[in-house]
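Novice: Supplied in structure tokens, the structure appears directly below.
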Amino acid sequence: MPVPIRRLFVALTLCCALVAGATACGSSEKTSSTKTAASAVAAAQEATPSPSTSAERQKFAKTRFVANAGLAAGATYQWIVKPWKAGKFKKGAHGRKLSLVKAGLAGAFAYNRLKAAQKNAQGDPLLSKALAPLTAGIASLKGLPSKLRKGDEGAASSFDDIINQVKDAGKSAGAEVKNKVPSTSQLTQG
């Protein structure tokens, strides 16, 4: 379908006007635009909000600890402890491979969330004291997802023990942790 010459002429005229306008508005001096951009960045950095009191930081640290530890506890219970108690990790069990894959993902997710909870606990003096003895236990969970995938049933009880110790430590520090089962997409994202 041929395009009328009038439309081509209008389009060409508009394009030329835009190009001419863009080049006319350009500045030959590069340093002035650089200085303006630098001052805008400095102003934006000064405007970033931050908690004003240490009590506010501690409150948020405790809240984040509860959220992260709750996700770790929920994932551990849902995809590691329940299948372990149901005997789904034993050789010859129906759905064993799928259960082991889910347990491996849940184990990696729980380890990640426990490390985040441990970092959050450092913002609250009471929580940091309560979690200090559990640092080695949390670090020992790093290799357990691979043990779960291989079918080591002792790994499931280790996860359960560490999660219960973290929940007890949180409760003693005034931050009660409740199981919160993460979605499958959260598991895969880490």
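Laboratory data are not the source of any read-out in this text; all were calculated from the coordinates shown. Nothing here was measured: the structure is a model prediction, and the numbers come from that model. Cβ sites come from the backbone with ideal geometry, for glycine too, and all protein chains shown count toward neighbours.
Novice: Report, ordered by chain and residue number, the lysines lying within cross-link reach of Lys90, taken as a straight Cα distance under 26 Å and ignoring same-chain residues fewer than 8 apart.
Specialist: Lys82, Lys102, Lys142, Lys147, Lys150
Novice: With a 10 Å radius around each residue's Cβ, average the other Cβ atoms per peptide and rank 173-182, 87-96, highest first.
Specialist: Most protected by this proxy first, the peptides run 173-182, 87-96.
Novice: So how do 117-123, 166-172 stack up, highest first, on mean other-Cβ count within 10 Å?
Specialist: The densest-packed peptide leads the list: 117-123, 166-172.
Novice: What is the log10 of I(q)/I(0) for region 87-190, computed with the Debye formula using one identical point scatterer on each Cα and no solvent, at q = 0.09, 0.18 Å⁻¹?
Specialist: So the normalised log intensities are -0.25, -0.88.
Novice: Something else now. Could you compute the net charge surrounding Ala121? Neighbours are other residues with a C-beta less than 10 Å from the C-beta of Ala121; K and R count +1, D and E count -1.
Specialist: Combined, the nearby Lys, Arg, Asp and Glu give +3.
Novice: What full-extension length gain, to one decimal in nm, is calculated for Lys142 and Ser185 as 0.36 nm per residue of separation minus the Cα-Cα distance? Intermediate results must be reported in sequence, preceding the final value.
Specialist: Values: separation 43, 0.36 × 43 = 15.48 nm, distance 2.10 nm.
So the chain would gain 13.4 nm between Lys142 and Ser185.
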